[in-house]
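The values are calculated or read from the model by the stated rules, or taken from the named source; none is laboratory data. Quantities reported herein were computed from a predicted structural model and do not represent experimental measurements. Here Cβ is always computed from backbone atoms with ideal geometry, including for glycine, and neighbour counts include all displayed protein chains. Ligands, DNA and RNA are excluded from the accessible area calculation, which covers all protein heavy atoms including side chains. Shrake-Rupley method; radii C 1.70, N 1.55, O 1.52, S 1.80 Å.
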Amino acid sequence: MSSRHRTPVESRRYVPAPGEASDVELMPAGDVTDGVVRVGGTIRRPHQPQSLAVAAFLDWLEDAGFDAAPRFLGRDPEGRDVLTFLPGRCAGPVPEAWAQSEELLVSVAQLLRRLHTASAGFVPAAHPFPPRPGRQKAADAAGLVCHLDVTPQNVVVRDGRAAGLVDFDLAGPTTAFKDSFNTAMHWVPLRDPADAWAGWEGADPFRRLRIFADAYGWDEDERRRLPVFGVEAAAVSYERMQHNARALGGGWARMWDDGVGGMIRRRGDWLAANAGAIVAALTAEGRP
Ligand SMILES: Nc1ncnc2c1ncn2[C@@H]1O[C@H](COP(=O)(O)OP(=O)(O)OP(=O)(O)O)[C@@H](O)[C@H]1O
Ligand SMILES: [Mg+2]
């Protein structure tokens, strides 16, 4: 749909399709948002403070020709956000063996690059993204709007390749480097080997990081500053998780009680201890 014919996001209403109510499926739960369901060809999510900012961004992406994000169809009679359902599969909370595929890793990096290219020029106007504690430095506020939560659970995979991005709850202005670092952190993944997911103990983080870097296209400077950037990001992330656990409770408090703070600290320590090896892997001539 071209933007000229769209109802503004705040007044867009979704009219249920006949018979769709008989085709309802509960989606796998994430850490924070309860009650995501598929109804026919749509996803219903609770309406949230950032929903309209996200909706305007999804409209922009559609107009930019980015076909790998859901469309915001409006709010249903119960007030829920309605988005298009993207067919495919997402990894579970402990990503399955198939999620280790290097072809998939390459495609995630390429899809993220496509997102960043499509996002360029988008300026949130009528519906700014709500500020997030500990998240937006002043320098980021005017930055590129990115996804910022490209986890294995939020990537839809078809035919072994990343075909969709869902769950734009954390989207907002930042830098492409921050979003791409964050995505690599989730997909390599970058964490202390003591925190490896079951079945991922053999994954080589240096090789996988290099594959991601080449597929996304980090430049020499980005490759060299990655470890320091990652150590700082871990410190910020620790503060933010702690703040959210105390201020918001719910899933944030559950994650904190499950020890996510220690995991983030160990990630920072691991990045610091392996800084030289990481830069070497990212800058050595040739493929890994
Ligand atoms: N538009 C969509 N198309 C296909 N599948 C989707 C879509 N939206 C969500 N899903 C599926 O539902 C799952 C949960 O939805 P989503 O990621 O939006 O919420 P969540 O992870 O529960 O939220 P949070 O990360 O805030 O806790 C996703 O991991 C994915 O498997
Ligand atoms: Mg999710």
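Residue count for region 230-244 satisfying the condition of being at pLDDT 95 or above, crowded, with 16+ Cβ neighbours inside 10 Å and of a type in the set (A, V, I, L, M, F, W, C): 3. Checking each residue in region 143-180 for being within 11 Å of the chain's Cα centre (by Cα) and among the hydrophobic types (A, V, I, L, M, F, W, C) picks out C146, L148, V150, V155, L165, V166, F168, L170, A171. The single condition among (1) free of Cβ contacts under 8 Å to residues at least 40 places away in the same chain; (2) under 30 Å from I211 (Cβ atoms); (3) not polar (S, T, N, Q) that G79 does not meet is (2). If you check G41, G35 for being assigned by TED's automatic domain parsing to the domain that holds D76, more than 15 Å from F72 (Cβ to Cβ) and not hydrophobic (A, V, I, L, M, F, W, C), only one passes: G35. In region 196-229, of all residues being within 18 Å of E96 (Cβ to Cβ) and of a type in the set (D, E, K, R), the one that is least open to solvent (accessible area, probe 1.4 Å) corresponds to R208. Restricting A69, A56, A91, A17 to those that are surrounded by 12 or more Cβ atoms within 10 Å (Cβ to Cβ), hydrophobic (A, V, I, L, M, F, W, C) and modelled with pLDDT under 95 reduces the list to A17.
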